[in-house]
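Input: a single structure, listed below in structure tokens.
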Amino acid sequence: MKSQRILVVDDEKSIREFLTILLQQEDYEVVTAASVAEGKERLLKDRPNLVMCDLKLPDGSGLEVLQHARDQNLATPFIIITAHTTPQHALESMRAGAAEYLSKPFNVEDLKTILTKLLSRPSEDPRPFEVTEFIGSSAPIRRILDMIPQIASTPSTVLITGESGTGKELLARAIHAASTSAGGPFLSVNCGALPEGLLESELFGHVRGAFTGAVRDHAGLFVDAEGGSLLLDEIGELTPPMQAKLLRVLQEHRVRPVGGTREIEFKVRVMAATNRDLRSDVDGGSFREDLFYRLNVLHLHLPPLSQRADDLPELARHFVERTCTRFDIPAKRLTPDAVRVLQAYTWPGNVRELENIIERTVAFETSELITSGSLPEHLRGSRDEASFDHMSLPEEGIDLEEHLSTVRLNLMRQALEKTGGQQKRAAELLRLSYRAFRYHAEKLGLANDDD
């Protein structure tokens with residue numbers, strides 16, 4: 001697996017050392033710089049996959065490093081970090097093209113999640129989305145996919161509901177790709193991730209001087225998405241004042257930038273997504289009824305993965321193939337027993353949880369086969385993989401040699417776990433000669449030269 005390189009630009013030596021240790025533990029290659037000038041130099045010399053840059057540096061602003069990257073036509077994602085957090089700084093960073101904005105001290109787990117998200121994105125513009133990329137052939141998914149062409153042919157607002165991790169943004173992209181707006185941009189904003197003042201500026205724009213830090217005019221997402229589609233994700237998290245402002249914009253198809261006096265017309269396909277029950281929120285008084293009806297012109301509901309067991313094998317194999325390609329490692333495949341374990345799990349985190357587990361499993365599996373024993377223990381539960389009392393022959397038959405190979409691999413892996421990797425003791429547990437155990441271990445990719 002090819003290591004990805006991260007450039008850390010910070011004038012505090014302790015921060016550089018801390019991030020170096022942390023990132024190296026996550027198998028990233030790290031280079032550092034302590035100033036704007038040094039950051040620009042390392043940026044061009046080392047060509048990092050991502051940059052973490054302090055906002056305030058001894059010789060200027062970290063945004064100068066970001067601007068230098070853009071001037072050199074580099075699409076490198078930037079994470080701006082600072083100990084002096086203000087909404088204006090966050091806004092300025094985002095407008096300059098930063099992918100994320102973090103305040104010190106930051107949560108380590110949050111940082112790891114952000115890095116995984118940013119470094120899994122392609123650096124170039126993504127290829128157009130195809131509906132076939134929405135994996136699934138179960139009845140609920142087929143009904144949704146069959147509705148996409150009809151929905152895409154109208155300019156009406158679409159409300160997409162479903163639990164977190166079910167693929168609501170993916171569905172919105174599929175609708176955009178099938179619509180007459182496909183040639184325009186697809187933009188998305190998480191309404192629950194930004195404070196109210198910053199979200200208003202992000203959506204509607206602002207004029208220069210509207211507030212401290214507004215050094216230039218900003219059009220806003222409704223104007224930037226002209227001729228395309230705008231997804232308002234986590235729409236249920238809007239505050240009452242923002243709900244009122246959004247309703248007016250949707251009714252009039254005009255937007256007035258913060259601090260401005262002139263309204264700007266826009267033509268944008270608006271979609272909204274939420275994991276909340278907006279009807280219940282309306283009844284409870286936390287969400288405007290008129291805004292709900294304005295958004296809920298067309299409604300699509302994505303079922304949780306627990307209700308899509310028929311889709312799970314296809315999804316799992318898709319994620320295995322994609323992960324192997326992205327990690328640049330030989331192809332792997334799931335055994336039937338591994339698929340059965342995946343189908344038996346409840347998947348509270350839905351498709352996103354499946355994708356993360358498959359990625360982690362592929363990264364740690366050394367052999368070609370991904371067996372049930374390769375999967376995290378909490379997925380297997382109390383399932384006894386060594387018991388065959390209740391085993392029956394499937395209607396479609398079975399590849400006996402492959403199944404026996406899977407059983408052998410599972411039991412040998414368990415024996416090694418029980419003995420702390422000592423192959424002689426593991427061979428004794430399985431009533432095998434050490435020579436036979438070594439033979440099968442090498443064949444199955446379990447051999448340990450240090451044994």
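At-a-glance table
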read-out: Order of Thr166, Thr419 under a 10 Å beta carbon neighbour criterion, fewest first; value: Thr419, Thr166
read-out: C-alpha long axis of helix 108-119 to longest principal axis of the chain, angle in °; value: 90
read-out: Flagged links, alpha-carbon separation over 26 Å, of Lys117/Lys332; Lys56/Lys112; Lys45/Lys104; value: Lys45/Lys104
read-out: Full-stretch length increase - Lys104, Lys443 - with 0.36 nm per residue and alpha-carbon distance subtracted; value: 117.1 nm
read-out: Label-to-label distance, nm, for residues given as Asp281 and Arg360 (7 Å Cα→Cβ offset); value: 3.0
read-out: GluC sites (Glu not before Pro) within the stretch 279-387: DSSP coil, no more than 12 neighbouring Cβ in 10 Å; value: Glu368
read-out: Cα-based helix-to-principal-axis angle, 139-152 vs the chain, degrees rounded to 10; value: 30
read-out: Global size of the stretch 263-369 as Cα Rg and Dmax, reported in angstrom; value: 19.9, 61
read-out: Under the Karplus curve 6.51 cos²θ - 1.76 cosθ + 1.60, θ = phi - 60°, whole-Hz ³J(HN,Hα) for the stretch 10-23, x wherever Gly or Pro sits; value: 7, 7, 8, 4, 5, 5, 4, 5, 4, 5, 4, 5, 4, 6
read-out: Projected label distance in nm at Ser156 and Asn190, using a 7 Å step from Cα toward the beta-carbon; value: 3.1
read-out: Angle in degrees between helix 36-46 and the longest Cα principal axis of the chain, rounded to the nearest 10; value: 40
read-out: Global form of the stretch 5-119, assessed from the alpha-carbon gyration tensor, a/c cut-off 1.5; value: rounded
read-out: Length added when fully stretched, Arg208-Arg352, from 0.36 nm per residue minus Cα-Cα; value: 47.9 nm
read-out: Where N is the number of residues in the chain, Cα Rg divided by 2.2 N^0.38 Å; value: 1.16
read-out: Theoretical ellipticity at 222 nm over the chain - DSSP helices of four or more residues, -39500 (n - 2.57) apiece, nearest 500; value: -13500 deg cm²/dmol
read-out: Separation in nanometres of the label points that stand 7 Å from Cα toward Cβ, at Leu429 and Thr113; value: 3.5
read-out: With at most 16 neighbouring Cβ atoms within 10 Å, loop trypsin sites (Lys or Arg not before Pro) (DSSP) excluded, longest segment of the chain; value: 3-207
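Since every read-out is calculated from the coordinates, none of them should be taken as a lab result. As the structure is a prediction and not an experimental result, all values here were calculated from the model. Please note: Cβ atoms are built from the backbone with ideal geometry, for glycine as well, and neighbour counts cover all protein chains shown.
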